[in-house]
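**Q** This is the structure I want to talk about, given as structure tokens.
The values are calculated or read from the model by the stated rules, or taken from the named source; none is laboratory data. Source: prediction; values computed, not measured. Cβ coordinates were reconstructed from backbone atoms using ideal geometry, including for glycine residues, and neighbour counts include every protein chain displayed. Each accessible area value is taken on the protein alone, full model and side chains, heavy atoms only, with ligands, DNA and RNA left out. Shrake-Rupley method; radii C 1.70, N 1.55, O 1.52, S 1.80 Å.
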Amino acid sequence: MQTVPKSSKKAWAKAFQKPATEFPLTPLSIIAGEIPTSLNGTLYRNGPGRLERGGIFVGHWFDGDGAILAVHFTGDNASAIYRYVQTEGFQEEAKAGKLLYGNYGMTAPGAVWNQWFKPIKNAANTSVLALPDKLLALWEGDNPHALDLQNLDTLGKDDLGGLDGGLAYSAHPKVDFETGEIFNFGVSPGLNSILNVYKSDATGNIIKKAAHQLDGVPLLHDFVLAGEYLIFFIAPVRLNLLLPAVGLSCFSDSLEWEPKLGTQIKVCDRDLNIVSRSETEPWFQWHFSNGYIDDSGAVIVDIASYEDFKTNQFLKEVPTGETHTASKSKLARVSLNPQTGKVSNIETLFDRHCEFPIVPQQNVGKSSRYTYFSTVKEGTDISKEILNSIARFDHQTDSITEAKFGENLYPSEPILAQGYILTVVYNGNSDSSELWIFDADRLNAEPVCKLSLPSVIPPGFHGTWKDA
């Protein structure tokens, strides 16, 4: 008699086994607690909802079709809607019933010439930006898609009045809370890659842009707004452009870790001009927490940093439901002189694996006492588990306040909303999704409310809150 080995897959794997199911606007039922009556606005979240077609899985977590969750709060009521972004590629593949396009982690299926006819699909799956009259679904290789703020109807690609020719618009715009100005960037890859930097008004309309040359084709996902400066840390990852150009490899597999290059630093002012350039020790980062200018005039930047690029392999493994690559980050603080770009100090603030660090919106570009982030519980095997906790770092007391999650519960990136922390939780025990609401000042207490969502929302990437 043959013994069947027990599956080594963790509970989170079930969330990726089948495409997410859309649902119409639906009142949410309360599992525990009460909805805060003062919570008035909408939570938006984006992430890959579909990772396969026709039984064939995509090559990387970043390749899945974007699906948006909107949870509208009014008084003590909450209703949610969940819909796929109706990109042209999504509609074409839905009609064909199979994958047709290449993406970050896969080449286009079929004959090699498909790489030229159907090279890359805008997956609209990474983040969201809520503007006064529309929601942008962001995917950093192309224009964003505009959606209706209430019913999530896809309105089509949006060039924001300045992204002509399909210029890229990153997933991490920075909004100045006082002026309403929006800063962002995009990379145009090529033999001479270009860093395009944008300034928009509060409606999202681009009012100024600048172009700066880059060294090779780097992987640049995020940047920092720090007072009067925009700062880009360019990690030593470079694309071997020849391999994807001739269809021999996808972009993800053509990225090479080159620590000898160090981390390059570009500092711009708010008029998008280069102020300084510098170089420091090598690391990789997906995300920054925040930046500000201290009393001495130094720029302080907080980063979720990795010592290498193994994180990409871990994220590639996630859709398979079984990971093997250990990739640990830490919350680090970098001090630099903005006029020279020279780094004067790097210190570790929190040494446990963490990601998706944020500060309150009113503190973006300014000093913030608190940083909130996703992390892992003590003792977690980071080669086998995805993020399974959220925490708050107090920069005044150098202390951590961590939420309490039971076994097989996986919270998403924490989102700040009117004094509360909202996180979508995948419950691997019941194969369901829930929305938990915490008092932001009592993160280690029981949630003030837990809401049941109508279907599974697969773990995704980024979200935002929009006041009503």
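**Q** Grab the other residues whose beta carbon is less than 10 angstrom from that of HIS60, score K and R as +1, D and E as -1, and report the net.
**A** -2
**Q** Cα-Cα over 31 Å: which of LYS209/LYS366; LYS10/LYS466; LYS260/LYS330; LYS157/LYS377; LYS330/LYS404?
**A** Too far apart for the 31 Å limit: LYS10/LYS466; LYS157/LYS377.
**Q** Something else now. What does the C-alpha gyration tensor say about the overall shape of the range 126-195? Classify as rounded when a/c is under 1.5, otherwise prolate if a/b is larger than b/c, or oblate.
**A** oblate
**Q** Turning to a different aspect of this structure: By how many nm would the segment from ASP431 to ASP76 lengthen if fully extended, with 0.36 nm per residue of separation less the alpha-carbon distance?
**A** 125.2 nm
**Q** OK, next. Pairs of Cα atoms under 8 Å, at least six residues apart: use those to get the relative contact order of the range 142-298, whole percent.
**A** Relative contact order here is 16 percent.
**Q** I need the phi-derived Karplus couplings for the range 310-315: 6.51 cos²θ - 1.76 cosθ + 1.60, θ = phi - 60°, integer Hz, Gly and Pro marked x.
**A** Using θ = phi - 60°, the values come out as 5, 4, 5, 5, 4, 5 Hz.
**Q** Please give the net charge around CYS449, taking every other residue with its beta carbon less than 11 angstrom from that of CYS449, where Lys and Arg add +1 and Asp and Glu add -1.
**A** Net of charged neighbours comes to -4.
**Q** For labels at SER8 and ASP439 in the simple 7 Å Cα→Cβ model, what's the distance in nm?
**A** Using points 7 Å along Cα→Cβ, the separation is 4.4 nm.
**Q** Quick one, what does Rg over Rh come out to for the range 16-78 if you take C-alpha atoms and the Kirkwood Rh?
**A** Expressed as Rg/Rh, it is 1.11.
**Q** At what distance in angstrom do the alpha carbon centres of the range 432-446 and the range 47-90 lie from each other?
**A** What the calculation gives is 23 Å, centre to centre.
**Q** Still on this structure: At a 1.4 Å probe, what is the % contribution of carbon and sulfur to the accessible area of the chain?
**A** Looking at the chain in its full context, I get 49 percent from C and S.
**Q** Right, another one. Taking all protein chains together and a probe of 1.4 Å, list GLU385, GLU22 from the most accessible to the least accessible.
**A** Highest to lowest solvent-accessible surface, that is GLU22, GLU385.
**Q** What does the charge count near LYS157 come to, summing +1 for each Lys or Arg and -1 for each Asp or Glu among other residues with Cβ under 9 Å from its Cβ?
**A** Neighbour charge sum, excluding LYS157 itself: -4.
**Q** Can I ask one more? Compute the projected area of the convex hull of the Cα atoms of the range 289-365, averaged over all viewing directions, and report it in nm² to one decimal place.
**A** 6.6 nm²
**Q** Which order do peptides 251-257, 396-402, 211-217 fall in by mean Cβ count within 10 Å, highest first?
**A** 251-257, 211-217, 396-402
**Q** A further question follows. Rounded if a/c is under 1.5, else prolate if a/b beats b/c, else oblate: with a ≥ b ≥ c from the C-alpha gyration tensor eigenvalues square-rooted, which is the range 66-218?
**A** oblate
**Q** Additional query: Ranked from the most accessible area to the least, with a 1.4 Å probe and all protein chains present, what is the order of GLU93, GLU140, GLU178?
**A** The residues order as GLU178, GLU140, GLU93, largest area first.
**Q** Normalised by the residues of the chain, what does the relative contact order come to in percent, with Cα pairs under 8 Å and at least six apart?
**A** About 15 percent, as a whole number.
**Q** Another question, then. Binning at 5 Å from 0, report for the range 366-434 what percent of all alpha-carbon pair distances ends up in each bin.
**A** Answer for the range 366-434: a P(r) of 3, 16, 24, 23, 18, 9, 5, 2, 0 percent.
**Q** Using only alpha carbon positions, build the gyration tensor of the chain, then give the equivalent ellipsoid semi-axes as the square roots of 5 times its eigenvalues, largest first, whole angstrom.
**A** 30, 28, 24
**Q** May I pose another question? Relative to a virtual label point 7 Å from the Cα of PHE23 in the Cα→beta-carbon direction, which members of the range 150-174 show backbone nitrogen distances below 20 Å?
**A** 150-153
**Q** So how do LYS95, LYS157, LYS208, LYS260 rank on accessible area, 1.4 Å probe, biggest first, that is with the largest at the start?
**A** Putting LYS95, LYS157, LYS208, LYS260 in descending order of accessible area: LYS95, LYS260, LYS157, LYS208.
**Q** Given the Cα-Cα distance of THR325 and LEU241 and 0.36 nm per residue of separation, how much length would full extension add, in nm?
**A** Here the answer is 27.7 nm.
**Q** Which whole-Hz ³J(HN,Hα) couplings does the range 292-304 yield from phi under the Karplus relation 6.51 cos²θ - 1.76 cosθ + 1.60, θ = phi - 60°, glycine and proline marked x?
**A** 3J(HN,Hα) across the range 292-304, in whole Hz: 7, 9, 7, 5, 8, x, 6, 8, 10, 10, 9, 9, 8.
**Q** Please calculate how many Å² of accessible area the chain carries per residue, with a 1.4 Å probe and no DNA, RNA or ligand atoms counted.
**A** 40 Å²
**Q** In terms of the ratio Rg/(2.2 N^0.38 Å) built on C-alpha atoms, what value belongs to the range 321-468?
**A** Computed over Cα atoms of the range 321-468, the ratio equals 1.11.
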